[in-house]
Every structure is written in C-alpha cells, then in structure tokens.
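Colleague: Quick one: the structure is below, questions incoming.
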Amino acid sequence: MTHKGMTTDTIMISGNNGEQISAYIAKPLGNGPFPGVVLVHHIPGWDEWYFETTRRLTHHGYATICPNLFHRAGEGKSDDIAAKVRAEGGISDAQAMGDLNGAVKWLRGQSYVNGKVGMFGSCSAGRQTFMYACQHKDIDCAVELWGGRVVMAKEDLNPKMPVAPIDMTAGLSCPLLGLFGNDDKAPTPEQVNQHEAELKKHGKNYDFTRYDGAGHGFFYYDRPMYRVEQSLDGWKKVYAFFEKHLPK
C-alpha cells in the first residue's frame, strides 16, 4: 500500500548525551498506526537524496525520521558541512550511536507508530546501521547498503572508531539485509565475504545480495555511480524486507 499524502517537518530531538539535534520527519496522512524507519545519512551529509528517501519510504507507508548527525558542525550547504566534518576526522561512533538511539526513542514515542521500527543506511551509514543493530535491541530489522569500514584493519582504528563493527557481530539483535556492488572498493568483495562469514559463524539472520556491474553508491540517482537495473532490484528487496519485518 502506498500513501499519496504525507506531512513533513524539520524538528529537534534529543541526541547523544541529551544534546539537541535537527531531524527531518515524514508521516503518512492518517492516524495509522504505521511502522517506523530511522534513515541514517551518509558521510556526504544530510543531503537532498536523504530528504527524498525519507519521503519515498513514507510514500510506502513508513513513518520516517532522518536525524542530522552533522548538526553540531553548524548550518549551511550539506557539501560544506560534510567537508568540515571530514576535515575533523568524522564523527565518533559513540556520538552517532547516541544520536540514532535518540531517533529510535523519538519514533517509538509517537502515537502513530505501531511499535515496529527499522533502520536503513548507506555507505558510512550502512556501517553505523549495522553497528547500531549489534549494540542495541530496540530495532526490528536493519538495512545496510554497501557499509564501508565494517571490516577494519588494526591500523585504521582510532579514538573515534575504536572497534571494528565486524567484531560486534555476535551482538546483532535483528534480521539484516545487505546490498553490495561487486565493483566497490569500500567495501571490497573480499571484505563483504569476511562480513558474511562472521554472520554465518554466529548464526545470524541475514540476506546479502551482491550486484555485478555496480560499485559504490549505485542507488544514488543524482551521481554517476547510479545503476538503474541494480537499484530497482535493490529497492524491491528493501520493500520486501520491510514488509516482512515491519508489518503494517
């Protein structure tokens, strides 16, 4: 079922350590109740693709929130803010987890949400989505699109990223959908193999699809890496996964 009507807004929510951060929200028209989705933006920022994807998920019946993980870096164009965050070495995993926990709590606090909440992220956000699902038990499913740095060499660890997400796999608390391009360099097919092997080792509920002819970011229709056929198939898998684990 799709919803032709929706309401959208930009609000403030309590993020990590109770700090106030901005978030873009959309809900289908009506009282619901609707399942919810926390949409996690990538390292290029809280940008137009993520605003559009917030509305896209809501069109398909999900109350959606996309928190601004870069809120503390100030206002301005998403490209400029993202460049500032990258220059500072990115945001810490702990801060990201705190902000995402705030978004989950906000969604679960809305009377129009039916108690089912999923999480969806791509690139750095795919990594954060997987990490969140390993550290928390308050989401019902997770969608990881080409999560880079799930597998990390010891020399890549730093105070902001002290533990490789792959080392958290035993804690994965919900079903996981992973979509990857075989031409990607981050993660490489070899790293996806390692990721999958660890999931198998711990007996986790997961479904990975790898696409030939696609590299990093093949969902991004506003960028040269977009791949129409692979993206269309990937979206079908996302909707089917959410239909199964976030019943309406």
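The values are calculated or read from the model by the stated rules, or taken from the named source; none is laboratory data. What you see is a predicted model, and the numbers here were worked out from it, not measured in a lab. Note that we place each Cβ from the backbone using ideal geometry, even for glycine, and neighbour counts take in every protein chain shown.
Colleague: Taking Ile91 as the residue in question, decide whether it is of a type outside the set (Phe, Trp, Tyr) and within 13 Å of the chain's Cα centre (by Cα).
Modeller: So Ile91 fails the test.
Colleague: Would you call Thr2 in a strand (DSSP E or B) and touching a residue at least 40 places away in the same chain (Cβ under 8 Å)?
Modeller: In short, no.
Colleague: So, one more: Which number in (1) assigned to a helix (DSSP H, G or I); (2) in contact (Cβ under 8 Å) with a residue 24 or more places away in the chain; (3) within 26 Å of Asp99 (Cα to Cα); (4) not hydroxyl-bearing (Ser, Thr, Tyr) marks the one condition that Gln191 misses?
Modeller: (3)
Colleague: Report yes if some residue within region 228-237 is assigned to a loop (DSSP other than H, G, I, E, B), of a type outside the set (Phe, Trp, Tyr) and modelled with pLDDT of 95 or more; otherwise report no.
Modeller: The answer is no, given that none of the residues of region 228-237 is assigned to a loop (DSSP other than H, G, I, E, B), of a type outside the set (Phe, Trp, Tyr) and modelled with pLDDT of 95 or more.
Colleague: Just to be sure I understand the filter: pairs with C-beta atoms under 7 Å, separated by 6 or more residues or on different chains, first member in region 115-139 and at pLDDT 95 or above and among the small types (Gly, Ala, Ser), second member assigned to a helix (DSSP H, G or I) and surrounded by fewer than 24 Cβ atoms within 10 Å (Cβ to Cβ). Which pairs pass?
Modeller: Within 7 Å, the pairs are Gly118/His245.
Colleague: Test each condition in (1) of a type outside the set (Ser, Thr, Tyr); (2) under 27 Å from Arg108 (Cβ atoms); (3) over 18 Å from the mean Cα position of the chain (by Cα) for Leu39 and report the one that comes out false.
Modeller: (3)
Colleague: Just name the residue that is farthest from Gly45 (Cα to Cα) out of those in region 126-144 that are of a type in the set (D, E, K, R) and buried (at least 22 other Cβ atoms within 10 Å of the Cβ).
Modeller: The qualifying residue farthest from Gly45 (Cα to Cα) is Glu144.
Colleague: Right, here's the next one. Does Val150 satisfy the condition of being in contact with a Lys or Arg (Cβ under 7 Å, 6 or more places away or on another chain), at pLDDT 95 or above and either surrounded by fewer than 21 Cβ atoms within 10 Å (Cβ to Cβ) or outside any helix (DSSP H, G or I) (or both)?
Modeller: Here the answer is yes, as Val150 does meet what is asked.
Colleague: Quick check: anything in region 158-166 within 16 Å of the chain's Cα centre (by Cα) and at pLDDT 95 or above?
Modeller: Looking through region 158-166, at least one residue is within 16 Å of the chain's Cα centre (by Cα) and at pLDDT 95 or above.
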